[in-house]
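Peer 1: Handing you this structure, nothing more for now.
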Amino acid sequence: MRRFARLLQYAGIVAAVVGLSKLHASAIAANSYDYTTSARFGWSMVYIVVLGVAAYGLGMPDLPRSPRQALAGAVGAAALAALGMSFVQLIAGDALLPRFVVFGSALALVPWYLICVIVANEGRQMDLDRDRVILVGTSADGDALRDELRRSPERPAIVTAIVNTEQARATPDGERPLERMVERTNATLVVLDRDAQADETVVHQAAVLHERGIRMRTLSLFYEQWLGKLPLVELERVSLLFDIGEVHRARYTRVKRLVDVAFAVIGLALFVLAVPFVFAANLAANRGPLLFRQTRVGKNREEFDICKFRTMSPDGDGAGEWTTEDDPRITPFGRLLRRTHVDELPQALNILRGELSMVGPRPEQPRYVDELVEKIPFYDLRHVVRPGLTGWAQVKYHYGADESDAMEKLQYEFYYLRHQRLSLDLRVIGRTIRSVLTREGR
């Protein structure tokens, strides 16, 4: 249902722009023209992309939960796209698309976006009603799972019951607690931890339930499919022996590099445009060097210097501490640069040099890497691929300020390594754009 809502939204965008463009060409313009053979056809396709990116970036139709949020998102997405296209026309010095098409499409799409939000919310509720989970595991795992499902699941679900292996085990007199609990709670999915998978009576009940249409998942597989991460508590060395796109698929590696270069060229242009503004603002509110360089660990543990606009006071840049979200070393203007992610633009140079990719695990400082390799199982596996400007861990977990956050992010990075492909990279880039436009995270 939610996927249908997204398709409905993008179909509406295409219909609005193409429909109004044809109407303008045949009935509104002083001199009628053939829309499909004119230069305006190509620019209308560009406007469709701009409208789609703006809608996705502001979370339409998935994120709004209330009518007020839905209206704000719908108006914001339409207005942002219309203003963006108007700015392009201003820079070009030409009416690439008629105002009738640009602003008419934006106005027509506001109610359409609201309809799509309603459809998406209906689908979300259907998903919640469908995925009712019983966990056979520890109460600690259950509490963690409930917390994860409240935060940012890839697929929504609710935990209806938590039982340990002892409670789920069948008794000699024929009692089948797990089967009875599924019937009582109307569960649709049973998740088994390692202990439960090793108990024959629990597995036998699971097999019976599976035959009745109840879905079964290991705890690790549920985390992967519903939460987009691989839990460290469930991992063994053998479970990490999977193909990694950047290591095992040459075609993916080449295409990924082309995508990196394309985005880096755009980023470099934005960097050049931003330099005079950041330089002028630094003179007033952030005195010190324009750029900040710091050694980070890249692919195969090779070190390189990452480049950013400086956001901390000069004395604080080299302090060698974890950076927290409310770090006192960050200047007021630096906080603005971080909030808008403008401070990241100089990293386009790192991408062009091949030290960074657009998407991958974020690179850490060498001293942190040495500490984390000692403390966190399999941490060094993240260095088999090129680090990224953004990553799956960043769009899922946002900010990391200590070792526990590093461990949390590593679980998402393992998921990325396991599923590394171009479609996931583009998904991460899209979610990063959404995060920037909606000012989520860091």
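Each value in this text was obtained by applying a stated rule to the coordinates, not by laboratory testing. Since this is a predicted model, take the numbers as computed values, not measurements. Cβ atoms come from the backbone with ideal geometry, glycine included; neighbour counts cover every protein chain shown.
Peer 1: What share of all Cα pairs of region 1-42, in percent, falls into each consecutive 5 Å distance bin?
Peer 2: 6, 23, 21, 17, 11, 10, 7, 4, 1
Peer 1: Okay, moving on. Working from the pairwise distances between different alpha carbons, so that the mean of 1/r is found and then inverted, what is region 119-217's Kirkwood radius in Å?
Peer 2: Every distinct Cα pair counted, the radius reaches 13.9 Å.
Peer 1: Which length gain, in nm to one decimal place, applies between Asp370 and Ala262 when the Cα-Cα distance is subtracted from 0.36 nm times their residue separation?
Peer 2: Fully extending the segment from Asp370 to Ala262 adds 35.6 nm.
Peer 1: Using 7 Å Cα-to-Cβ label points, what is the Thr438/Ser86 separation (nm, one decimal)?
Peer 2: 2.6 nm
Peer 1: Stretched out fully, how many nm does the piece from Phe41 to Arg3 gain, at 0.36 nm a residue minus the Cα gap?
Peer 2: This chain segment gains 10.9 nm when fully extended.
Peer 1: Moving on to the next point. Would you mind pulling out the separation of the Cα centroids of region 92-134 and region 355-416, in Å?
Peer 2: Rounded to whole Å, the Cα centres lie 34 Å apart.
Peer 1: For Val159, which sequence-distant residues (separation of 5 or more, or a different chain) have an amide H within less than 5 Å of its own amide H, given hydrogens modelled in the peptide plane?
Peer 2: Correct list: Val133.
Peer 1: Run the quick spin-label model on His398 and Leu336: label points 7 Å from Cα toward the beta carbon, then report their separation in nm to one decimal.
Peer 2: Going by the 7 Å Cα→Cβ label model, 2.2 nm.
Peer 1: Another question, then. Given a Förster distance of 45 angstrom, what is the FRET efficiency for Phe277 paired with Gln197, based on the Cβ-Cβ distance and rounded to 0.05? Working shown, then result.
Peer 2: Numbers: r = 57 Å, r/R0 = 1.28.
FRET efficiency, Phe277 to Gln197: 0.20.
Peer 1: Could you grab the Rg to Rh ratio for region 31-158? Cα atoms only, Kirkwood for Rh.
Peer 2: My calculation puts Rg/Rh at 1.19.
Peer 1: Then there's this: Give the long-range amide H neighbours of Leu389: residues separated by 5 or more places, or on another chain, with amide H under 5 Å away, using H modelled in the peptide plane at 1.01 Å from N.
Peer 2: Those lying under 5 Å, H to H, from Leu389 are Ser357, Met358, Val359, Gly360.
Peer 1: For region 372-411, would you read off the P(r) tail past 15 Å as a percentage of all alpha carbon pairs?
Peer 2: On the way: 317 of 780 pairs.
Counting pairs separated by more than 15 Å, the tail of P(r) holds 41 percent.
Peer 1: Calculated from the structure, Rg/Rh (Cα atoms, Kirkwood Rh) equals which of (i) 1.02; (ii) 1.20; (iii) 0.97?
Peer 2: Comparing each candidate, only (i) matches the computed number.
Peer 1: Next question, about the same structure. Report the antiparallel proportion of the DSSP beta bridges in the chain as a percent, rounded to a multiple of 5. Could the numbers behind the result be given before it?
Peer 2: Details: 8 of 23 bridges.
Looking only at bridges with both residues in the chain, the antiparallel portion is about 35 percent.
Peer 1: Given N residues in region 92-162, what is Rg(Cα) / (2.2 N^0.38 Å)?
Peer 2: Values: Rg = 21.4 Å, N = 71, 2.2 N^0.38 = 11.1 Å.
In units of the 2.2 N^0.38 Å rule of thumb, it is 1.93.
Peer 1: How far apart, in nanometres, would the label points at Leu63 and Ser423 be if each is projected 7 angstrom from Cα along the Cα-to-Cβ direction?
Peer 2: According to this spin-label approximation, the distance is 2.4 nm.
Peer 1: If you don't mind, there's one more thing I want to ask. Rounded to the nearest 20 debye, what is the charge dipole size of the chain about its Cα centre when +1 sits on each Lys and Arg Cβ and -1 on each Asp and Glu Cβ?
Peer 2: That gives a dipole near 1760 debye.
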